[in-house]
Amino acid sequence: MSAKPIYEGHDLEVLCALPRYYGWIYDYFEQYLTGNGAEFGPGLGTNSARILPKLATLDLIEPSPNLVKKLIERFGGDARIKIVADGIEGFVNSSPNAKYDTVVLINVLEHVLDDAAAIQSFYRMLRPGGHLLLFVPALPILFSKLDKELGHYRRYSLSRLIRMVTNANFDIVLGRYFDILGVLPWLLINTIGRATRFNPYLAWLYDSAGVPLTRLLESLMPPMFGKNICMVALKPNKAK
């Protein structure tokens, strides 16, 4: 087995300072957070802290040893949380009987080489009536040097993600593009400009001014495209 990746998480330190952006994601997911949950790739635990109050227990499955250490420092005293130092494939193989009501991946599935197999694994570990909550980067045309630096294998189209999830026998509860106004800045700064790091000031500025405007626009009309995709998938009570 290859060594577990060392992920410094510098980009996570920038992104965790975006409360409006991640609050927006949470608002789509909140009503589906129930029972016993698992979050894959929690990083520094920014989203974990948001979702924990809605869940009875939360398993945090993180492959990077240095981030596991940070998670232990943050959540080690909370009896509701179990921290597992493993990736998706390793966890599936070592915990074949794990069962959850909610599985969460926020900016994680794009890091998985065999994403279709991962989706099928999540279906098996969810109880009937459970939900898979996915947030991924969108629009293959936006794939950039920064995506490569972050370890992304791909960006998704909504049609491809829907097809992959339904092929795993999930029902789609919510599937929509997210953050239409973020497409142009990403295109100019990262795809064309070939930036390899997030700019903390620009990220803060977009979170402060761009996110409220984008939320307003998207509340009036679902976008035809966007920088990300937000998806909620249901494991039916009856097998298909």
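The values are calculated or read from the model by the stated rules, or taken from the named source; none is laboratory data. Just so you know, these numbers come straight off a predicted model, no measurement behind them. We place every Cβ from the backbone using ideal geometry, glycine too, and count neighbours over all the protein chains shown.
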- line: Within the stretch 11-70, the residues that are among the acidic types (Asp, Glu) and in contact with a helix residue (DSSP H, G or I) (Cβ under 7 Å, 6 or more places away or on another chain) are GLU30, GLU39, GLU62
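Quick grid of which residues meet (1) over 25 Å from ARG154 (Cα atoms); (2) touching a Ser or Thr at 6+ places or on another chain (Cβ under 9 Å); (3) surrounded by fewer than 16 Cβ atoms within 10 Å (Cβ to Cβ):
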| site | (1), (2), (3) |
| --- | --- |
| GLY175 | no, no, no |
| ILE192 | no, yes, yes |
| ALA195 | no, yes, no |
| SER208 | yes, no, yes |
| LEU216 | yes, no, yes |
| CYS230 | no, no, no |
task: Tell me which of these GLY151 doesn't satisfy, since it passes every other one: (1) crowded, with 17+ Cβ neighbours inside 10 Å; (2) in contact with a helix residue (DSSP H, G or I) (Cβ under 6 Å, 6 or more places away or on another chain); (3) under 22 Å from ASP115 (Cβ atoms).
output: (1)
message: Show me the helices (runs of 4 or more DSSP H) entirely contained within the stretch 155-240 in which 2 or more residues are touching a strand residue (DSSP E or B) at 6+ places or on another chain (Cβ under 7 Å).
response: 158-167
query: Just for strands (runs of 3 or more DSSP E) wholly inside the stretch 1-103: which have at least 1 residues that are of a type in the set (S, T, N, Q), surrounded by 17 or more Cβ atoms within 10 Å (Cβ to Cβ) and modelled with pLDDT of 90 or more?
result: 36-40
